[in-house]
Amino acid sequence: MVQFDTDVMGSPSSLPYDPDQDAAEKRDIRKKYRALEKRTGEQLRPQDIRAAELVEQVIEADELFQKVKNPTEATLDSTVLRNVSSISAQKARAMKLGSAAFDLDDFVSKLAIFMGGRHELADDASELDDIGDSVMDWEKVGRRALAKSRRVPVTGFMLGPLSVEQKKRAPVKRARLEKSNEEERRPQEIKEEDIQRSENETTKNVIKVKEILEESGAVNLFRFVVNPNDFAQSVENIFYLSFLIRDGLCALEIDEKGEPIIFLCESPSAQDRADGVMCHQIVMEFDMATWRRAIEVFEIIESMIPQRPPAKTRLGDKWYG
């Protein structure tokens, strides 16, 4: 909407911003803009104003904008244009091409005349049948349509391709998964009588360890429990020895050389416990590195506790170690 004349760009009247513009002129511009704003208010319905009137208001706003030199008047100009744009959009959305606004028969008649089928409209509807007897120039319509479109014309059919076949979905046969009786396996059923109850190995081994300690007397802890050929049985030996210490049947002391010594003792009676005698237990860490170090330091060649055969348990007709 703003046009500048390059020949008079330097004159004060042509400047886009002039803070010293005459106050009376600014009041007159604002008054006219507010009148336009009232005529194009948001509360105005689209059907209350014609499109020609909207064009006149835009032209009038353009003329007023030539005099605008300050932001306040420019804001009023943008408000007027916003209202005009909103009403124009509403009128465009309200346009409808219904049966009352578009007569199909009239369109076909005029199209036939344009292509040379008839030279004048007849009131008698029976004359419409004569259209097919004359040769109509369809290329004339095509040339007129091409002038309004950039789409490349292609050959097509109104009803789609001629060789249209309905696709038939082939039935899908899914192979049924069948399992042979040979591949079927049932879980092994174990009954109570199939489990052979063995002796209490823990109690038996604790008694055995006590008998060996009673024969050997006071001895170094590691020389007693370490099996140089089997780390697992060394751990088991410590486990069985712990029951003797828990029951007060075995004592552990540190001698003058700093070695741990174990020996059998009498279990404290109820009177002894009443007098304050207490049993103490410790948590001992024993890993494979400690096992190898004990064998090297104490030169253990043979285990004092005999090697035990691996325990086996029978479940049904199978043995598990």
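Residue by residue, here is whether (1) closer than 16 Å to LEU221 by Cβ; (2) at pLDDT 85 or above; (3) touching a helix residue (DSSP H, G or I) at 6+ places or on another chain (Cβ under 7 Å) holds:
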site: ARG273; (1), (2), (3): no, no, no
site: VAL297; (1), (2), (3): yes, yes, no
site: ILE300; (1), (2), (3): yes, yes, yes
site: PRO306; (1), (2), (3): no, yes, no
site: GLY316; (1), (2), (3): no, no, yes
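Search the stretch 274-301 for residues that are closer than 13 Å to VAL226 by Cβ and pair each with any residue that is among the β-branched types (Val, Ile, Thr) and assigned to a loop (DSSP other than H, G, I, E, B) when their beta-carbon atoms are under 9 Å apart and the residues are at least 6 apart or on different chains.
Within 9 Å, the pairs are TRP291/VAL226; ALA294/VAL226; ALA294/ILE300; ILE295/VAL226; ILE295/ILE301; PHE298/VAL226; ILE300/VAL226.
Taking GLN90, is it at pLDDT below 85 and part of a helix (DSSP H, G or I)?
Criteria met by GLN90.
Being without any contact (Cβ under 8 Å) to a residue 24 or more places away in the chain, surrounded by fewer than 18 Cβ atoms within 10 Å (Cβ to Cβ) and acidic (Asp, Glu) is the requirement here; does GLU63 meet it?
yes
Can you tell which of SER198, SER180, SER149 is in a loop (DSSP other than H, G, I, E, B), among the small types (Gly, Ala, Ser), under 30 Å from PRO306 (Cβ atoms) and at pLDDT below 80?
Selected residue: SER198, the only one of SER198, SER180, SER149 that is in a loop (DSSP other than H, G, I, E, B), among the small types (Gly, Ala, Ser), under 30 Å from PRO306 (Cβ atoms) and at pLDDT below 80.
Out of everything in the stretch 217-242 that is in contact (Cβ under 8 Å) with a residue 40 or more places away in the chain and within 23 Å of MET278 (Cβ to Cβ), what residue ends up being surrounded by the most Cβ atoms within 10 Å (Cβ to Cβ)?
So, considering only residues that are in contact (Cβ under 8 Å) with a residue 40 or more places away in the chain and within 23 Å of MET278 (Cβ to Cβ), the one surrounded by the most Cβ atoms within 10 Å (Cβ to Cβ) is LEU221.
For the stretch 36-46, give me each residue that is in a helix (DSSP H, G or I) and surrounded by 13 or more Cβ atoms within 10 Å (Cβ to Cβ).
Selection gives LEU36, GLU37, ARG39, PRO46.
The values are calculated or read from the model by the stated rules, or taken from the named source; none is laboratory data. No experiment lies behind these values; they were computed from the predicted model shown. All Cβ positions, even for glycine, are placed from backbone atoms using ideal geometry, and neighbour counts span all protein chains on display.
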